[in-house]
Structures are given as structure tokens and as C-alpha cells.
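**Q** Dropping the structure in here first, questions after.
A short reminder: the numbers here are calculations on the coordinates, not readings from a lab. What you see is a predicted model; the values in this text were computed from it and never measured. Here the Cβ is made from the backbone with ideal geometry for all residues, glycine too, and neighbour counts use every protein chain on show.
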Amino acid sequence: MRLQGYIGQSQRGLNKSIGAMHMQLELMGIAQENINGFDKVGYQRKDGVVSSFAEYIGVHGLSKAVDDSTGRIARTDKPLDFAIGQKGYFQLLNDSGAVELSRDGRFKINEKGELLGLENQKVLTQGGTPVVLPFFLEKQEDIRVDTNGRLSIFNPETRKMEFVDTLGVVSSDGAAVLEPDIKQGCLEFSNVSMAQEFLEMIPLRRNFDANRQLFMIQNNALSKAIQQIGGS
């Protein structure tokens, strides 16, 4: 009975070691995702959050939290590049009718005068309607967006700047951001710190190696116990 109890205990230990290694791999995968997103426009760092039930449900107890702090802002001097200086997201309407939230401000204008995102999503106003210019824009430099998102274009007939609409910037829960601090001619890159990601990867790898060694020790002990039972 003692041998059987010992084998059962080893099996539980093996499962715990495997579960711990699986969890460490998933956490390292999140860190690797952040490293890959370092140079992506509008990418926001992800944090792995391990729940108190992870010991029992494994990786199903792991979730991701988004770090919504502002990333690195670089000047491009392109009139249709925009960065948000505060927390918030542009609203983009895709082909399926769903609204996407994005900090990627690489916009363009189609032949209909619609302001579009990088993947042809329609940029929405503060009122939730697509941004449409009232007349043909001769050059991109004739468009202006102030820090509050108010979009104006130059009218060659009146020789004046005319207000069109206000770009819709919202928080993650959909509330309007009234002072988004929009910067025209700039893009926001990720808020990932490479040094931080590599530093956080070190204990994850050490924990993985420790659980791997523990797994090997338990596996060897279990194999010897099984051989002794088979030879008796």
C-alpha cells in the first residue's frame, strides 16, 4: 500500500510540474508577443495575469491585461498621420459594421472623400458617423486637426479653413475623451520597453528550468518504483 501511495503522489507531482511549465511557457509567449510588437504603430503592451485558481485549472486561469499608457511618439510630418497623446482610441468602422478601437493613426482619403484607416475602415466622428470631406482635397497639407480632434480643411474658393467634424476618440469602455491631445504629423509606436521584457523573461525561464528538473526527478523516481513492482 505504501508503494501504491507513493506512486500516486508522484503522479500528482508530475502533473503539477507539467502544469507549471505550461504556465511559464504561456507567460513567456506573452513577453515574446510584446517584444515582437516593439516597433508596431499603436501596439499596447500586454501583461499576464494569473488568477488564484490557476493551481487547479492551469492555463485557463491566465488572462491578459492591456497596458494603456501612452507609447513612444515619433514625428513623421505626414498630414494624415495622427497620434493620441492621452489614453484613448480612434473609432474605426470595418466592412462588417463592427466598430474597432485603435491607436494606429495612419489614415488616408479615398475618392469619395472618406477618411479611412490602414485597412480601409471608416474613421468615425465624435457623433459616431464616418468622416467625409465636403469637397475634393487638392493636397493633404490642406487638412488640419487640432489637439481636441477638430478637423478642418482649406476651401480654395473662400480661401479659408472650414470646420468639418470632430474625430471620435473614446476610452476602452466607450466614453468620449474630450481632450485627447491629438498630434498631427506624428505616430505613436508601442509602449513596450525591451529592457523590461527581457528582465521579466529571466525569472520565467528559471522557473521553467526548475520545474523541468523537478519533473525529471519525479519521473525517475516513479520509473524505479514501477520497475520494482514489476520485478517482485
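**Q** Over all alpha-carbon pairs of the stretch 22-66, lay out the pair-distance distribution in 10 Å bins, whole %, shortest bin first.
**A** Pairs per bin, as whole percents: 29, 47, 20, 4.
**Q** Now for a different question. Roughly how tilted is helix 194-231, in degrees to the nearest 10 and between 0 and 90, from the longest Cα axis of the chain?
**A** 30 degrees
**Q** Quick check for you: which residues of the stretch 139-170 have the amide N under 17 Å from the point 7 Å beyond the Cα of Lys108 toward its beta carbon?
**A** 139-141, by backbone N distance to the label point.
**Q** Follow-up question, since we're still on this one. For Val177, which sequence-distant residues (separation of 5 or more, or a different chain) have an amide H within less than 5 Å of its own amide H, given hydrogens modelled in the peptide plane?
**A** Val169, Val170, Ser171
**Q** Once phi is turned into ³J(HN,Hα) by the Karplus curve 6.51 cos²θ - 1.76 cosθ + 1.60 with θ = phi - 60°, what whole-Hz value does each residue of the stretch 65-71 show in order, with x for glycine and proline?
**A** Computed from phi, the couplings for the stretch 65-71 are 10, 8, 7, 9, 5, 5, x Hz.
**Q** Here's a follow-up. List the residues whose amide H sits under 5 Å from the amide H of Glu100, counting only those 5 or more places along or on another chain, with H placed 1.01 Å from N in the peptide plane.
**A** Under 5 Å from the amide H of Glu100 lie the amide H atoms of Leu92, Leu93, Asn94, each far enough along the sequence or on another chain.
**Q** Right, next: In the stretch 107-140, which chymotrypsin sites (Phe, Trp or Tyr not before Pro) fall in coil by DSSP and have 15 or fewer other Cβ atoms within 10 Å? Spell out each step's value before the answer.
**A** Numbers: sites: Phe107, Phe135, Phe136; in loops: Phe107, Phe135, Phe136.
Answer in residue order: Phe135, Phe136.
**Q** Still on this structure: If we count every other residue with Cβ under 11 angstrom of Arg106's Cβ, Lys/Arg +1 and Asp/Glu -1, where does the sum land? Intermediate results must be reported in sequence, preceding the final value.
**A** On the way: positive: Lys78, Arg103, Lys108; negative: Asp81, Asp104, Glu119, Glu188.
Taking every Cβ under 11 Å from that of Arg106, the sum is -1.
**Q** Of all the stretches in the chain, which is the longest one without any exposed loop site, taking trypsin sites (Lys or Arg not before Pro) in a DSSP loop (any state but H, G, I, E, B) with at most 13 other Cβ atoms within 10 Å?
**A** In short, 160-232.
**Q** Run through the stretch 113-211 and list the GluC sites (Glu not before Pro) located in a DSSP loop whose Cβ has at most 15 other Cβ atoms within 10 Å.
**A** Glu119, Glu138, Glu157
**Q** Below 27 Å, Cα to Cα, which lysines can Lys40 reach? Residues fewer than 8 away in the same chain don't count.
**A** Lys64, Lys78, Lys87, Lys108, Lys122, Lys183
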